[in-house]
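Only one structure is covered here, and it is reproduced in the block below.
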């Protein structure tokens, strides 16, 4: 059978173009470790995993270009054995397993046949880890839960008739129908009205930097008694647990940033139909959530506002964030994120494979443009707070400080009177808060003034001279080569009379020559005008 060729979804195209700008960046890989405790039939697991891949088209996709446009090829079901790594003979099997996960996390992401992969690590009697990784262009967080549900079903009922699952083609057709529907026009009109006055992305670091190539993580625990008080507060305010956590996070961020208006990024599944909720694939969307957190506002007023904004966002969640950013005129690094991402998950993820318990431990959620705040229900232990940050923007001590500030804020938020102004809830002790707002730890700083593209390219050439800067069918240029060629062209253009207030026409097909020409013209101080070749 020949592979089925399909276009990319809107979410996939966003991921595709992001990866063309930084090929191989490991942050595009999502990864989980399924910790398997109890009696496990290894052969039965391997057979179940093969059937999951046969059922799930998104796990059999590779990407190619056709006439300069990306397409996805869905390979027919084929044998893909689950590799097994036996670490039981190691002096410290757990340490060896963690070392494997750490090393694998650093491997370049790929858009080829290995964009999805898994390895079974044998650690000890009745203890194994299933390491699962996928390029974010294949699946989103919602999809992973579908895949693990399929794994449990295939393991428990190996002789059941194969399910007739909906296909990726049906998922794409549904998206096309939505884009041509009145519902899409209503969603677009909603966002245009909501953001008519524009928004200023909330960035808690004064350093913009290049797209993240690694992330750091800080974790903490909201103790069970505080969780109970927060849930009681949510009930008293007539809002959901998720709404309360998002509202409290907004209040804390407003203090740390020294502002009374913050913008959060809200991840949504963008799956509002039974079909979309049954097909693994990349559909996730990331929408702006503006919150007015004026210090005089009471807890009740803050949460009522957040609840109303959340309802509107969820009703109109299918309109893509890239379209919203374009309409707002957001460009550059600040435009890649509306603000810190906040997500509340009811469970860390557990399921059964027969008598074996599988606990999902997330290793990577994919790209973190700036800052990601995740709340994970940990059952009787409380609620885990996880903060991931771009390593170039947030050193570990800053993430730890923010973790401590948010944990302290939540503890107070749970107990204050409903009408108490949120400005009187202390995110940090007074001395530390003054230091933070003064910029000593980076919070409260405005993003650095936009830097021209040329200095940014030159900074990258100094930092990563051998990294791929631009690539086409004819070859590639690293940053050092690109800067050298562009500088040579700038000198020739200046000698020919180019300079400020002069226009230089550029006639070139997209590729290394085009990018070199644009940078060369800018380096000469002139403006460039693209001609349609």
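Read the figures in this text as sums done on the coordinates, not as results from a lab. Please read all numbers here as calculations on a predicted model, not as lab measurements. Ideal geometry is used to build each Cβ from the backbone, glycine not excepted, and the neighbour counts take in all protein chains shown.
Could you tell me whether the stretch 277-407 comes out rounded, prolate or oblate from its Cα gyration tensor? Rule is a ≥ b ≥ c as square roots of the eigenvalues, rounded for a/c under 1.5, then prolate if a/b exceeds b/c, otherwise oblate. Intermediate values should be presented prior to the final figure.
Details: a/c = 1.41, a/b = 1.28, b/c = 1.10.
Rounded, since a/c falls under 1.5.
Out of all DSSP beta bridges with both ends in the chain, state the antiparallel percent to the nearest 5. The antiparallel proportion sits near 85 percent. With contacts defined as alpha carbon pairs under 8 Å and 6 or more residues apart, what's the relative contact order of the stretch 4-171 in percent? Here the relative contact order equals 33 percent. For the chain, averaging the sequence separation of C-alpha pairs within contact (under 8 Å, six or more residues apart) and dividing by the residue count gives a relative contact order of 18 percent.
Hey, what did the stretch 453-530 get for relative contact order, percent, Cα under 8 Å, at least 6 apart?
Numbers: 109 pairs, mean separation 23.8, N = 78.
Worked out over the stretch 453-530, it gives 30 percent.
Based on the mean of other beta carbon atoms within 10 Å per residue, what is the order of 17-30, 182-195, most packed first? Mind dumping the intermediate values first?
Details: 17-30: 18.2, 182-195: 14.4.
Highest to lowest by the protection proxy: 17-30, 182-195.
How fast does the stretch 190-437 diffuse by Stokes-Einstein, in µm²/s, taking the Kirkwood radius from C-alpha pairs at 20 °C and 1.002 mPa s? Display every interim value, and only then the final one.
On the way: Rh = 18.9 Å.
Roughly 114 µm²/s, to the nearest whole number.
Stretched out straight at 0.36 nm per residue, the stretch from residue 193 to residue 104 would grow longer than its current Cα-Cα span by 27.5 nm.
Spin-label pair residue 236-residue 278: with each label point 7 Å from Cα along the Cα-Cβ axis, the two points sit 4.4 nm from one another.
Can you give the FRET efficiency for residue 21 and residue 424, using 1/(1 + (r/R0)^6), R0 = 56 Å, r = Cβ-Cβ distance, to the nearest 0.05? Approximately 0.80, to the nearest 0.05.
Put a dot 7 Å past the Cα of residue 484, heading toward its Cβ, do the same for residue 453, and the two dots end up 2.2 nm apart.
Each stretch of four or more DSSP H residues adds -39500 (n - 2.57); spread over every residue of the chain, this sum gives -12000 deg cm²/dmol at 222 nm.
Take the Cα of residue 84, step 7 Å toward its Cβ, do the same at residue 474, and the gap between the two points is 5.2 nm.
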